[in-house]
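Here is the structure we will look at.
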Amino acid sequence: MFKIAVLPGDGIGTEIVPEAQKVLKAVAKRFKHEFAFTEALVGGAAIDEVGVPLPEETLALCKDSDAVLLGAIGGPKWDNLPAALRPEAAALLALRKELGLYANLRPAYLFPELVHASSLKPDIIEGVDLLVVRELTGGLYFGEKRREKLLGGERAIDVLEYSTYEIERIVRLACEAARKRRKKVTSVDKANVLESSRLWREVANRVALEYPDVEFSHMYVDNCAMQLIRNPRQFDVIVTENMFGDILTDEASMLTGSLGMLPSASIGGKVGMYEPSHGSAPDIAGQGKANPLATILSAAMMLRYSFDLEQEALAVEQAVREVLAEGYRTPDITEPDQKLVNTREMGDLVARKVEEVEV
Ligand code: NAD
Ligand code: IPM
Ligand code: MN
């Protein structure tokens, strides 16, 4: 039996998470596993219910589970809270830190069926299959933050720091991932300006020596942002620090057609956490328009990385492919002559397909 903590969170989180659960239930049925789901409060929803964004019970439940399935956290209602209560930092970042999830895997894979769904030209994005390995528990997000009074104003300070150990483990993880792929790693930094990036580059070069079979190179982050759009097929694995990875993956999601297609796995600790790369999408929340596929594909990553159920993960990915091939689309990836479906219908279609798909 696998224990799964289910944290829908805010906005479309409450719409997409049940669809991923539906798909996991279909996996359990077909492959004869038992998944025990326990739902808990997190984010703005938890503030509204119990006054804090990460209740102790929620954290305890996550630590006691085999994996966490998370929707999204945050929204306009909680944007003006003091820093200590803001759900993004006090719940999401705290969960990542508490669970020791230093590596965030964000695969940008273009399902061939979606080659016309992107705003980018088909000949640019055809065949895109890259993996961003984002450092998740260091950098600006976790450095000291403070304000100082100045005459006639204030100064705000966010500290960006990285240690040898933090860089080593993430670069090593990226090299290991590359060994299972096309054996190419691009380390992305801003070493022409930042001291933390210069250390990153030195350490990365040392780690790369341990992987002579992996082609290792460096790229500045501004260039990388451009290269992702100019020629995305040049990339296999990109490894980068926390904030660069955040920004580059929203960009990379458009190579796959939509931010609603980009899953993620946060690993490195005892309990992995699986969530779509996108947020709570307040602009479409409550309307059944959200694409649940990023969350469903994150659940597939849970099967692969936390439960070592590769066959089952492939079944979910294949089910998604077949549903797309049959022409079903949520609004974010819709094209003329396709069958427009809502969040729930997309979840139903994939769950049904999981039960019959060939693997
Ligand atoms: P967002 O990712 O929520 O939305 C950006 C755009 O993408 C919106 O137009 C939205 O409608 C669209 N979009 C996102 N997911 C989609 C999906 N599954 N299907 C279809 N369209 C989708 O980013 P934002 O608007 O900048 O942030 C909204 C809130 O979410 C903020 O409070 C932010 O802090 C939070 N956020 C949370 C997470 C997280 O929990 N991991 C990630 C990013 C943002
Ligand atoms: C993400 C989100 C978070 C991040 C925010 C909400 C803290 O944008 O998961 O990509 O920046 O890590
Ligand atoms: Mn983000």
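Values as computed for the structure displayed
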{"read-out": "Subset of the range 144-160 (residues that are surrounded by 14 or more Cβ atoms within 10 Å (Cβ to Cβ) and out of contact with any helix residue (DSSP H, G or I) (no Cβ under 6 Å at 6 or more places or on another chain))", "value": "none"}
{"read-out": "Sole residue being modelled with pLDDT of 95 or more and either in a helix (DSSP H, G or I) or within 19 Å of the chain's Cα centre (by Cα) (or both), chosen from GLU154, GLU161, GLU176, GLU148", "value": "GLU176"}
{"read-out": "Residue identified as within 18 Å of the chain's Cα centre (by Cα), within 16 Å of ligand 3 (Cβ to nearest atom) and within 26 Å of VAL185 (Cα to Cα) among SER253, SER306", "value": "SER253"}
{"read-out": "Test result for GLU88, within 15 Å of ligand 3 (Cβ to nearest atom) and charged (D, E, K, R)", "value": "yes"}
{"read-out": "Filtered residues of the range 331-351 (kept if over 16 Å from LEU110 (Cα atoms) and either assigned to a loop (DSSP other than H, G, I, E, B) or among the hydroxyl-bearing types (Ser, Thr, Tyr) (or both))", "value": "PRO336, ASP337, GLN338, VAL341, ASN342, THR343"}
{"read-out": "Members of the range 1-30 found to be assigned to a helix (DSSP H, G or I) and touching a Pro at 6+ places or on another chain (Cβ under 6 Å), listed by number", "value": "THR14, ILE16, VAL17, GLU19"}
{"read-out": "Test: residue in the range 154-161 that is of a type in the set (A, V, I, L, M), out of contact with any strand residue (DSSP E or B) (no Cβ under 8 Å at 6 or more places or on another chain) and farther than 18 Å from LEU131 by Cα", "value": "yes"}
{"read-out": "Test set (1) outside any loop (DSSP other than H, G, I, E, B); (2) more than 16 Å from ligand 3 (Cβ to nearest atom); (3) over 24 Å from GLY127 (Cα atoms) - VAL323 fails condition number", "value": "(3)"}
{"read-out": "Residue ranges of strands (runs of 3 or more DSSP E) in the range 31-143 with at least 1 members of a type in the set (Asp, Glu) and surrounded by 23 or more Cβ atoms within 10 Å (Cβ to Cβ)", "value": "129-135"}
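The values are calculated or read from the model by the stated rules, or taken from the named source; none is laboratory data. These numbers come from a predicted model, not from an experiment. All Cβ positions, glycine included, derive from the backbone under ideal geometry; neighbour counts span all protein chains shown.
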